[in-house]
Structures are given as C-alpha cells and as structure tokens.
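The values are calculated or read from the model by the stated rules, or taken from the named source; none is laboratory data. From a predicted model like this one, the values you see are computed outputs, not experimental measurements. Cβ atoms come from the backbone with ideal geometry, glycine included; neighbour counts cover every protein chain shown. Each accessible area value is taken on the protein alone, full model and side chains, heavy atoms only, with ligands, DNA and RNA left out. Shrake-Rupley method; radii C 1.70, N 1.55, O 1.52, S 1.80 Å.
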Amino acid sequence: MKFFSVLFLILLISCEPKETKPELDFVKIDMDPYLGKCPVNIYIDFKNRTLVFSELQYMAVFEKECDTAYTYESTEKSVDFLHINLNDEEYHLLKSKFNNNFLESIKKNNQSLLDNPKKYDGIRFDGIVFELDIVKDNQVFSTDNYLILEKEDHFKILEVLKVVKKHTKSKDNKEYINYLSFYLE
C-alpha cells in the first residue's frame, strides 16, 4: 500500500502542467502617430518578464534623393518612462498575442512593402506607423521601414497599451494611450 501511494504521488507531481516557453524572446515596437504626437517605443522582454514604455526623443529620417538626414527631436515630453515587471496574467496574455503568428504577419507586411516600395506613395494616412524588432531563438528580425499593420496586429498592440495603462499613474501616459487607442481600435 505504501508503494502504491508513493507511485501515485510521483505520477501526480509529474502530471502537473509545465510552463511553456514563449515563442518570441523580445519585441521592440516603435510607434509613430502621424498626427502631431511624439513617437513612442515599447520593449517586451519575455525572458525577464518586463515591459518598458518610453518616448522616442530622437528620430532621423533619410530621404531617398538626399544624402542628408532630417532629424526630429522632441522638446516637449509627451509620456513618462515606465518599467513594468509583468505578473503571471499579463505575461501569459502578452505571450499569447506576440507569438509566431505575429512574427509571420509582420514578415508578410514587410515583404509586401519590399516587393512594392511605392505601396504607400500617394496614400493619405491618418494613423500610426510601426517599426519592429523581434528576437526569436537569438535570430533578429527587423522591419526595413515603418509599416502600416493589419488590424489583427493593431489589437495585439492595443493589449500591450492596456497593460501599460493599468500600471501607469501618469496622466500624460493615460492621455497618450487613449490617443493611440483611438487609431488602433
């Protein structure tokens, strides 16, 4: 009988679900709203379970026909820096949103732009463009240009903003997130 109870205990312990490793290691999202707000960036570090929300204060823009760069520097602070240690619920939510499907969608969008570089020429766009860097198994994928993302990817980024909004005490951050959310919904 003792042997049976020990065996049962071993089976019970071994059947406990193991936490799955995230499909992506790291995601950096630069967001540039076209209508007058400063660009921001979001870093999601799945290995360390952290999220960082901050303002992109410097951006260089190179024109194809020019050898010089035009720079944009933010003089007014739009958002406050925020570092978040993700709890289990937030970590699992973000892990489920930012996975291989997200990476493949970004790669497809990026390839579409590379195949047709004039894709956005002449299009009046009043939303947000994104530049992404994604690390998976020590392999880095970076978009070559700012992209207009698919609606499904907007919803994923909106989930990140909800986590940021939940953790921030800053009125500026909350207003900025409301502004971005309007274009992402």
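Side notes on the structure shown:
- Pick from the stretch 140-152, criterion assigned to a loop (DSSP other than H, G, I, E, B) and open to solvent by less than 80 Å² (accessible area, probe 1.4 Å), ranking: modelled with the lowest pLDDT: Asn145
- Whether a residue is within 18 Å of Leu56 (Cα to Cα), of a type outside the set (S, T, N, Q) and without any contact (Cβ under 8 Å) to a residue 24 or more places away in the chain was assessed, and Glu104 does not pass this test.
- Screening Asp137 on (1) crowded, with 17+ Cβ neighbours inside 10 Å; (2) farther than 25 Å from Asn87 by Cβ shows it passes everything except condition (1).
- Extreme residue, nearest to Asn41 (Cα to Cα), among residues of the stretch 95-134 that are modelled with pLDDT of 85 or more and open to solvent by 60 Å² or more (accessible area, probe 1.4 Å): Lys97
- Count - residues of the stretch 6-44 that are of a type in the set (D, E, K, R), surrounded by fewer than 16 Cβ atoms within 10 Å (Cβ to Cβ) and at pLDDT 70 or above: 1
To keep it simple, each residue is scored yes or no on (1) on the phi > 0 side of the Ramachandran plot; (2) among the charged types (D, E, K, R); (3) at pLDDT 85 or above; (4) open to solvent by less than 80 Å² (accessible area, probe 1.4 Å).
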{"site": "Lys47", "(1), (2), (3), (4)": "no, yes, yes, no"}
{"site": "Tyr70", "(1), (2), (3), (4)": "no, no, no, no"}
{"site": "Thr75", "(1), (2), (3), (4)": "no, no, no, no"}
{"site": "Leu82", "(1), (2), (3), (4)": "no, no, yes, yes"}
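- Residue check for Val61: part of a strand (DSSP E or B), modelled with pLDDT of 95 or more and hydrophobic (A, V, I, L, M, F, W, C): no
- When the criteria are applied in full, Phe155 fails the requirement of being surrounded by 18 or more Cβ atoms within 10 Å (Cβ to Cβ), outside any strand (DSSP E or B) and either within 15 Å of the chain's Cα centre (by Cα) or not β-branched (Val, Ile, Thr) (or both).
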